[in-house]
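Worksheet for the structure shown next.
The values are calculated or read from the model by the stated rules, or taken from the named source; none is laboratory data. Worth saying up front: this structure is predicted, and the values here are computed from it rather than measured. Cβ sites come from the backbone with ideal geometry, for glycine too, and all protein chains shown count toward neighbours.
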Amino acid sequence: MKQLLKDDTRQLVGNSRFQKFIAMLVPSALADWLDFVALLVLAAYGWAQGPYALAAITMAAGLPRVLFALPAGTLVDRVGAAPVLVASLFVRAFLLLGMFYFATNIYALLAFVFLKSSVSALYVPAQQSLLKAIVPEKLLVKAVGIDQSIIQSAKVIAPVLGGSLLAIWSPHMVFLLAAGMFGVSFLFSLSLRSVPSREDEVAPEDGKPPNKNNAWAELKEGFVYISRSSALLVPVTLFSGAMFAIFLYDSLLLLLLSQIGVEDKQVGIVFGALGLGGLLGAVVAGPLCERFGSYSVLIGSLLYGAFGSFVAGFLPLLPFEIAINHQLIMWFCFGMAITLSSVPYSALLLKNTPSQMVGRVTSFGEALVNAARLIAPPIGALLADWGALSLPFFAASGIFVFLTGAGGLCWFVAIRPNRTKATT
């Protein structure tokens, strides 16, 4: 078994197209977080904008990923993943170059953020579709684990790198650097233009061939396919529900830390522990999926999330303070709980979706997650204001418990019987 895993790893790492894919992914993932840190610093410190402006930036970054996700996924499936990926990287580099020259006030900045986020809605489904096209089916879980590990690493490294650069550079110079990094990703993506899509077509319900001349019909076909496939609908629902639970308290973590005695100078260390825990969660999820199955790991991550959210919410109620070194261990484990579900979720989507529909399926999931990102924080703030700061954390824990039970029930009622039929 160990020898087989080594052979699989060697085969994946030796895949020249996968190497080019990783070379494209790394600078793009870093640039995504670098420019976001820079634009928040520019608005808050450079222009002394208030909370409404910062909220407007968050909306401008998140709303297009909800509005345009489904059309973007349809475009990926119609045109092909490689050309859409290449074009999205080029346009994002161009827009960041425009931010360097023309983002001189909050209104221009918001316009650029909205346009860049609209183009980013194309990138995720194209990236996932391309990943499935270049990796053999048996190596898909391992490839997804590497993909998610890089993205989580960028979330840890980019804010630290951005903060260091902003100490000596202006935010506009960071925009220029991010534009250059997207440019590097664009150059690597050119070597992936020749990657063909797999030829496994979806068998239509009515026996007729899919209508390739009608984008609306293709979009509707994606909805119908997801709604009739429990192997897709259940993971999408569970993961988007988990993200909603996390976003209930995500923006309240700073307030929680202040209530449990974490000093200002220690906040960065705590968030570093969260980030490293998230990175480890993405790294270990792949081997766990190979050992226990992606669906089992997804359900286990929900139960882990329920426990972590409950513990975090209970901390302000303790009659004593926990030492910071003990807290760092706890926040590290909490960070693992946040990201442990991302690898099994992505693996389940890619493995259970025909190549010609990956764009539509992944974009449907992205739309739900980004909708949760916009809706949940105000609800969490209302809960904290109405009750206590612990309430959003307890609510999230309850959601996780419900999702765990619902996911287990769906396994026995819908998913497992279908798998049994498929093997008989």
Check: Can you find even one residue in the stretch 319-327 that is buried (at least 16 other Cβ atoms within 10 Å of the Cβ), of a type outside the set (Ser, Thr, Tyr) and under 24 Å from LEU248 (Cβ atoms)?
Finding: yes
Expected output for the stretch 129-149 (first residue more than 18 Å from PRO287 (Cβ to Cβ) and not assigned by TED's automatic domain parsing to the domain that holds PRO287, partner among the β-branched types (Val, Ile, Thr) and modelled with pLDDT of 90 or more, Cβ below 7 Å, 6+ apart or cross-chain) is SER129/VAL76; SER129/VAL358; LYS132/VAL358
In the stretch 67-83, anything of a type outside the set (Lys, Arg), in a helix (DSSP H, G or I), touching a residue at least 60 places away in the same chain (Cβ under 8 Å) and within 22 Å of ALA217 (Cβ to Cβ) is listed as ALA69, LEU70, PRO71, ALA72, GLY73, THR74, LEU75, VAL76, ASP77, ALA81, PRO83
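Sort out for me the helices (runs of 4 or more DSSP H) sitting completely within the stretch 290-402 that have 2 or more residues that are closer than 24 Å to LEU276 by Cβ, more than 22 Å from the chain's Cα centre (by Cα) and among the small types (Gly, Ala, Ser).
Correct list: 294-314.
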Selection over the stretch 221-275 where residues are charged (D, E, K, R), farther than 22 Å from ILE157 by Cα and within 24 Å of the chain's Cα centre (by Cα) yields a count of 0
I'd like to check something: does the stretch 38-56 contain any residue that is hydroxyl-bearing (Ser, Thr, Tyr), in a helix (DSSP H, G or I) and modelled with pLDDT of 90 or more?
no
Residues in the stretch 146-157 that are buried (at least 21 other Cβ atoms within 10 Å of the Cβ) and either in contact with a Phe, Trp or Tyr (Cβ under 9 Å, 6 or more places away or on another chain) or not in a helix (DSSP H, G or I) (or both) total 3
Inset, instruction - Looking only at the stretch 3-21, decide whether some residue is buried (at least 20 other Cβ atoms within 10 Å of the Cβ) and either in contact with a Ser or Thr (Cβ under 7 Å, 6 or more places away or on another chain) or closer than 24 Å to PHE247 by Cα (or both). - result: no
Quick count over the stretch 40-80, residues being more than 23 Å from ASP147 (Cα to Cα) and touching a Pro at 6+ places or on another chain (Cβ under 7 Å), is 3
Residue count, the stretch 174-218, condition farther than 18 Å from ARG17 by Cβ and either at pLDDT below 55 or not assigned by TED's automatic domain parsing to the domain that holds TYR123 (or both), comes to 19
Selection from the stretch 96-134 of residues within 22 Å of the chain's Cα centre (by Cα) and either closer than 15 Å to VAL184 by Cα or not in a helix (DSSP H, G or I) (or both) yields LEU96
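Is it the case that the stretch 352-366 has a residue that's in the same structural domain as PHE239 (by TED's automatic domain parsing), surrounded by fewer than 19 Cβ atoms within 10 Å (Cβ to Cβ), touching a residue at least 12 places away in the same chain (Cβ under 8 Å) and small (Gly, Ala, Ser)? Lay out the reasoning, then the answer.
The first filter runs over the stretch 352-366 and keeps only residues in the same structural domain as PHE239 (by TED's automatic domain parsing), leaving 352-366.
Okay, now just the ones that are also surrounded by fewer than 19 Cβ atoms within 10 Å (Cβ to Cβ), so 352, 354.
Among the residues that remain, those that are also touching a residue at least 12 places away in the same chain (Cβ under 8 Å) are: 352, 354.
So of that shortlist, the ones also small (Gly, Ala, Ser) come out as none.
Checked against the condition, which is being in the same structural domain as PHE239 (by TED's automatic domain parsing), surrounded by fewer than 19 Cβ atoms within 10 Å (Cβ to Cβ), touching a residue at least 12 places away in the same chain (Cβ under 8 Å) and small (Gly, Ala, Ser), the stretch 352-366 yields no hits at all.
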